[in-house]
1. On a 0 to 90 degree scale, rounded to 10, what angle separates helix 546-572 from the longest Cα axis of the chain?
2. Rounded to the nearest 5, what is the percent of antiparallel bridges among the DSSP beta bridges in the chain?
3. Could you put 701, 430 in order of accessible surface area, largest first, with the 1.4 Å probe and the full protein assembly present?
4. When only alpha-carbon atoms are used, what values of Rg and Dmax, in angstrom, describe the stretch 427-466?
5. If only Cα atoms are counted, what is the Rg of the stretch 429-566, and what is its Dmax, in Å?
6. Take every Cα pair under 8 Å in the stretch 428-568 that's 6+ residues apart, average their separations, divide by the length, and report that relative contact order as a whole percent.
7. If you build the Cα gyration tensor of the stretch 707-789 and take the root of 5 times each eigenvalue, what three semi-axes come out, in whole angstrom, biggest first?
8. Quantify, in whole percent, the carbon and sulfur part of the accessible surface of the chain (1.4 Å probe; protein heavy atoms only).
Amino acid sequence: MSRDATPLMQQYHEIKARHANAILLFRMGDFYEMFYDDAETAARVLGLTLTSRNNGGAAEVPLAGVPVKAVTEYLRRLVQQGFRVAICEQVEDPRLAKGIVRRAVVETVTPGAVFEDELLDGQRHNFLCALCAAGAMLGIAAADVSTGAFRLALVPIDDAAATLARFGPREVLVARGSTGPHTHGVRLNGVLVTEREEWEFDFALAREELSRRFAVHSLEGLGLAPEADPAIGAAGALLRYLGELQPGGIPHLMPPRLEQGSTVMPLDEMTRRNLELVEPLRGDLGDEGHAGTLLSVLDRTRTAMGARLLREWILAPLRQRDGIDDRLAAVAALVHTPVVCATLRGELQEVRDVERLAGKTAAGRATPRDLRALGDSLARLPRIAQVAREAGAGGLLRTVLDSWDTCDDLVGDLQRHLVERPSATLGDGDVIASGVDVQLDEFRALRDGGRDAIAGIQATERSRTGIASLRVGYNRVFGYYIEVTNANRHLIPPDYQRRQTLTGAERYVTPALKEYEEKVLGATERIETRERELFDALRARIGGQVSRLQHAATRVAILDVVAALADVAAGEGYCRPELVESFDLEIVGGRHPVVERMMPRDRFVPNDVRLSPDARMMIVTGPNMAGKSTILRQVGLIVLMAQMGSFVPATRARIGLVDRVFTRVGASDNLARGQSTFMVEMAETSAILHLATRASLVLLDEIGRGTSTYDGVSIAWAVSEHLHDRLGCKTIFATHYHELTQLADELVALRNYNVAVREVGDTIVFLHRLQAGGADRSYGIEVGRLAGLPAAVIARARAVLRLLEGEQLVAGLAQRPEAGPPPSDRVERSAPVGGAQLGLFTAPDPIVERLCAVDVEQTTPLEAIRILGELSAAARARPVQS
């Protein structure tokens, strides 16, 4: 820092040194100014004009500024691009300052720590996460400062990615030195990663911090046993970081809730992506971010809290039958009382985001308009509970209604103290209602009486001077004045004192006018001061009840989700699934919830799927466009919907609980990670084979197509045997490899199915109906014709196909070694006759391959004679087969 720096810049440097990793917004009157590198960054990112400030010496300091009133939009853009922003305010009245106004950073905004509504997505939580590893386990702490939600999870490293993706953090804290392509086994692409010192994750320090924060003698009282230490260590680092970002504290942060892995189904990236649960595979299906997803079908919620909770339910299906049945019973109660459901949804429509309003109130950030919205929303709680009780008290409804808090005392306090439509900020209009405070009412009477007197002065002066156009006005510079046009200047009385000259008029004051001005302006200042005192006290009282407000918001959110699911179920013809502890999966008349919404209802063809211990694996063959992938996805979605507590798109569904749903659908390169299509396919398949259990549901589509035909069929064959023999899980495998249908002769619990196609002359009609048996053709050429391939290409393809079909490509089945102890239903196989072991495929004849490669129309007579000679010599040289 230059010795010639001004006192102001010295103050700036001192503050900036404590926030070196953030862009510092330095408050100077009506602007936030940025200097040096911060100014250059902001100018580039925000499109601001970069100027300079003379620093008291020769140096010119780069400068960029934004108005205080417009800062929210600039802040949003910075945070969205991953910047940290420190807000430095003037913390004393400039009029009372002796020297440089005192300034201090009151908040640091990061992508993971945001309060302002304009910076948040109301439909999802904004989690900041911390990771702490211990051996094979990873502790995750997640906090949303806007709502106060605080979650902990302790999961195996293998499940860490699925759990972290469910939280969807905007920012992640890790111990310094642990970052890399795989941080604790998790890829953190597109997430702001913040390194913290390793000691901040210490278990013992974290236990002390949590005990002090939540005023408990032992963390066992919060359900945090010693084995949860990695999650506790992550929570300690998270709290310490939040303390730095929010010096004023986060009083609304709830006690941490430890999520047990046995109660929630982890969903890996493949499954979330392939089933399009909350994000579409394609981004061109609509303007909304979740168009074309399961969330888009189910989200008929009426409140922001409900929308966030529904997303959580979709991404965290339950594993325990009791919890699922409780949700289903609540949905059923509203499905069977449609009038009640519609009335309840109408009441919920009027409820604002109580969860985030409560957080802003407790943090001292709520505006007068926020507090009034909170009071009006809480005022609807009694009616909401009354309507919900009319549906009965089944399942989750009973739990919610038995612990319902109408918050009547808070509603009374808010509605009594605030005017019906308060201004957004103090000082822009009346906020506190009349009759609340005697002193405030006196100030208002004085202000209003002074205004009346000023109006009377105008009438009096017009009469006294005879100037009919005389008027009394006001501006911030000169206060109240009397304005007289130049044409009437000769009528001005002697006691008028000139204050301002205009082009066509003069402005004056009188002793009487100044006297009333002092009364009015003094009363206005005193009103603003008193209103601020009363409002701050009200906000503090309501904020002190934040736990009650959060409790109420949670119950409203549950009712909202249940009512939304009931509305979807009734409107779309869904059925209540039967959840059982057995292995069986039976879906009658199943439909894809998203696809059927994107086409006329009568055009979607429902299908039945049945899996049981003795028929636990399905091989589904058929051409592209016939609907194989749709059937796979709809089975996965129906199972997940059932276990999240939703009715399902089917005529009847009996679902044996699954611990995981795995999908491998479609193929794509991941060039950013240096992986080809086939590598991605194999990595995803490998993960399934390592993580799936007998209680899992595995959905596979086209395993092995990313490599040569023989390699692909071999891999698909071996994967099928592994799933059948070693894992014994429910499996549906869609494939173009018709050779796999031969597995039904070897694997006793495997069944062949195909998607029906009708041939009409040279064309095909897709029936989209699943039926028993394997397909004998792929109809690839017909699909190519439908896709618009030129007629000449189609004709040539048919000719080549006829030639190839003359060759026997598949000769037999391999005798393979037993892979570990087989299930009791494994078919025993004997060695082939003669002791020779057959290959899975016969090797292609090289002479035939050479002959097939000849293009007769393009071959000259001389070339034909030469080729014939080569083939003849090769045939003579071949050993005679006995």
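The values are calculated or read from the model by the stated rules, or taken from the named source; none is laboratory data. Here the structure is a predicted model, which means the values were calculated and not measured. Cβ: placed from backbone, ideal geometry, glycine included. Neighbour counts: every protein chain shown. Remember, those area values only see protein heavy atoms, side chains included, never the ligands or the DNA or RNA. Shrake-Rupley method; radii C 1.70, N 1.55, O 1.52, S 1.80 Å.
1. Result, in degrees: 50.
2. Roughly 65 percent of the beta bridges in the chain run antiparallel, per DSSP.
3. Result of the area sort, largest leading: 430, 701.
4. Every Cα atom of the stretch 427-466 included, Rg and Dmax give 14.6, 45 Å.
5. My reading of the Cα-based Rg and Dmax gives 24.9, 81 Å.
6. 23 percent
7. Those come to 27, 16, 10 Å.
8. 51 percent
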